[in-house]
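Notes to accompany the following structure.
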Amino acid sequence: MDAVERAAALREYAEQTASCTKCALSAGRTQVVFGSGSPDADLVFVGEAPGFHEDQQGVPFVGQAGKLLDRLLEGIGLTRADVFVANVLKCRPPGNRDPQPEEIAACEPHLFRQIELLEPVLVATLGNFATKLLSGRPAGITRVRGTPQEHRIGGRAVLVMPLFHPAAGLRTPRVAQTLREDFERIPDLLSRPAPETPPVEEAGTPAFAAEAASDAEADQLDLFG
Ligand code: SF4
């Protein structure tokens, strides 16, 4: 797919997703927050779910955590226009509560389709939910952050870089410093040749989504894992 075709396909998928009612979150949302950024991005960030401001504005990461994400990007010479940013859930959970297993199971096809269309070199997962879903493994973010992994997503081999959620960086200076250090590794990861042999296991099976969510429920999905 060339750049024009990719942009058109993403736009069309966003239009389809805008009316999604596959889970109960459709009832309380202002709008679906599909994701934003460059359709040609080599780097895709995946967070958890829209919050109040994201639900109002229709754009992911526009609050304080988003501002930290912008500063982290600036630190490695990038802006939002160079990347694509999305979430595991496209609609805001009431009161910003944790995503539920059935919500993740309902919404994950949207994320996997986005990644399939974007064909990124690197997917940076922000926090526990995105990391567990896209890695297909239950290990918490504290254990796996900063260690790139190869996974098969949408039928392609993709490098996944688990990172702390920026909201955790806002709470704890040590985490913010770790985020800065992990971000500094991103340019090198982007310059690597794309993984060639897709691992057999595809991320994001419904069974895994349920496991990830229940595991996350158990630890209240604290952002540190
Ligand atoms: S959260 Fe996802 S699955 Fe649920 S209604 Fe929104 S777009 Fe659809």
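Bear in mind that the values in this text are calculations on the coordinates, not laboratory data. Predicted model, so just to flag it, every value in this text is computed and none were measured. FYI the Cβ positions are ideal-geometry reconstructions off the backbone, even for glycines, and counts take in every protein chain you see.
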- Note on the structure: For the stretch 1-67, shape from the Cα gyration tensor axes a ≥ b ≥ c, cut at a/c of 1.5 then a/b versus b/c, turns out oblate
- Message: Only helices at least 20 Å long along their own axis, judged from Cα atoms, and with Kyte-Doolittle mean hydropathy of 0.0 or greater: name those in the chain from DSSP H.
- Response: 101-118
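I'd like the FRET efficiency for Gln57 and Glu15, computed as 1/(1 + (r/R0)^6) with the beta carbon distance as r and R0 of 22 Å, rounded to 0.05.
0.75
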- Shape call for the stretch 28-99, from the Cα gyration tensor axes a ≥ b ≥ c (a/c under 1.5 means rounded, otherwise prolate when a/b beats b/c, else oblate), comes out prolate
- Message: If neighbour count is taken as other Cβ atoms inside 10 Å, put Glu150, Glu119, Glu15, Glu54 in order from fewest to most.
- Response: Glu15, Glu150, Glu119, Glu54
- Query: What translational D, rounded to a whole number of µm²/s, comes out for the stretch 31-222 from Stokes-Einstein when the hydrodynamic radius is the Kirkwood one over Cα pairs, at 10 °C and 1.306 mPa s?
  - Reply: 98
- Would you compute, from DSSP H runs of 4+ residues alone, the mean residue ellipticity of the chain at 222 nm, taking -39500 (n - 2.57) per run and dividing by the full residue count, rounded to the nearest 500? -13000 deg cm²/dmol
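Assigning unit charges at the beta carbon (Lys, Arg +1; Asp, Glu -1) and nothing else, what dipole magnitude in debye, to the nearest 20, does the chain show about its Cα centre?
About 480 debye.
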- Query: Which length gain, in nm to one decimal place, applies between Ala7 and Leu189 when the Cα-Cα distance is subtracted from 0.36 nm times their residue separation?
  - Reply: 63.1 nm
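Sort Arg185, Arg29 so that the residue with the fewest other Cβ atoms within 10 Å of its own Cβ comes first and the one with the most comes last. Walk me through the intermediate numbers first.
On the way: Arg185 15, Arg29 18.
Ranked by crowding around the Cβ, least crowded first: Arg185, Arg29.
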